[in-house]
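These notes concern the structure reproduced below.
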Amino acid sequence: MFDELRDLYQEVIFDHNRNPRNFRVMENPDREVEGFNPLCGDKLTLFLKIKDGMIEDASFQGSGCAISTASVSLMTEIIKGKTIEEAEEIFEMFHKMTTGEDGEIDLDAIGKLAVLAGVREYPARVKCATLAWHTLDAALKNKEKSISTE
Ligand code: FES
């Protein structure tokens, strides 16, 4: 299964890196958080519109490596229409999946994001995949305006 995932992983990452979804500055966002990876200097800004506890819109700006761009692009697609609680659950699952804390990955629960499970094999790239998600976590908690992966 992991061979299949590896091919899919490459394909999805290329696609989202070449053609990132929701790559735009949002007018009047409810949340705006900057995520920074000081190891490489990559930076992104995540924008969210939240109404009645639901993420109505998500977009981002910034420049990063292929994995961080693909990860944030996929993330903005997946969290749209989710409640804050649901998005937090997805963050938890994603975090466990990429850090391998949990051993087994529930691929059904994580859906399309499973393609990023491949980063577990490259510890140096885990932060690339999780940068967007830590930024999301900060935006959902609504406490910090910027986060760093270090
Ligand atoms: Fe900077 Fe991937 S190399 S986030």
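The candidates Arg21, Arg31, arranged from most to least accessible area with a 1.4 Å probe in the full protein assembly, appear as Arg21, Arg31.
With contributions of -39500 (n - 2.57) from each DSSP H run of at least four residues, the per-residue ellipticity at 222 nm computed over the chain stands at -14500 deg cm²/dmol. Using the 1.4 Å probe convention, the accessible area of segment 23-150 works out to 48 Å² per residue with neighbouring protein chains retained. Taking Cα atoms only, the orientation of helix 126-141 departs from the longest principal axis of the chain by about 30 degrees. Comparing Asp15, Asp137, Asp57 in a Gaussian network model of the chain (Cα springs below 10 Å), the most mobile by mean-square fluctuation is Asp15. About its Cα centre, the dipole of the chain is roughly 620 debye, where the only charges are +1 on Lys and Arg Cβ and -1 on Asp and Glu Cβ. Alpha-carbon geometry of the chain: the Rg and the Dmax are 14.2, 43 Å, given in that order. Farthest toward the positive end of the dipole of the chain, out of Thr83, Gly35, Ile110, is the Cα of Gly35, where the dipole comes from beta carbon charges about the Cα centre.
Of the accessible area of segment 13-81, computed with a 1.4 Å probe over protein heavy atoms only, carbon and sulfur atoms account for 46 percent. Taking amide H atoms as placed 1.01 Å from N in the peptide plane, the amide H of Val33 lies under 5 Å from those of Leu46, each 5 or more residues away in sequence or on another chain.
Compared with the dominant Cα axis of the chain, that is its longest principal axis, helix 66-79 is turned about 60°.
The values are calculated or read from the model by the stated rules, or taken from the named source; none is laboratory data. Computed from a predicted model, the values in this text were never measured in an experiment. For neighbour counting, all protein chains shown are included, and Cβ atoms are generated from backbone atoms with ideal geometry for every residue, glycine included. Surface areas here come from the heavy atoms of the whole protein model, side chains and all, with no ligands, DNA or RNA. Shrake-Rupley method; radii C 1.70, N 1.55, O 1.52, S 1.80 Å.
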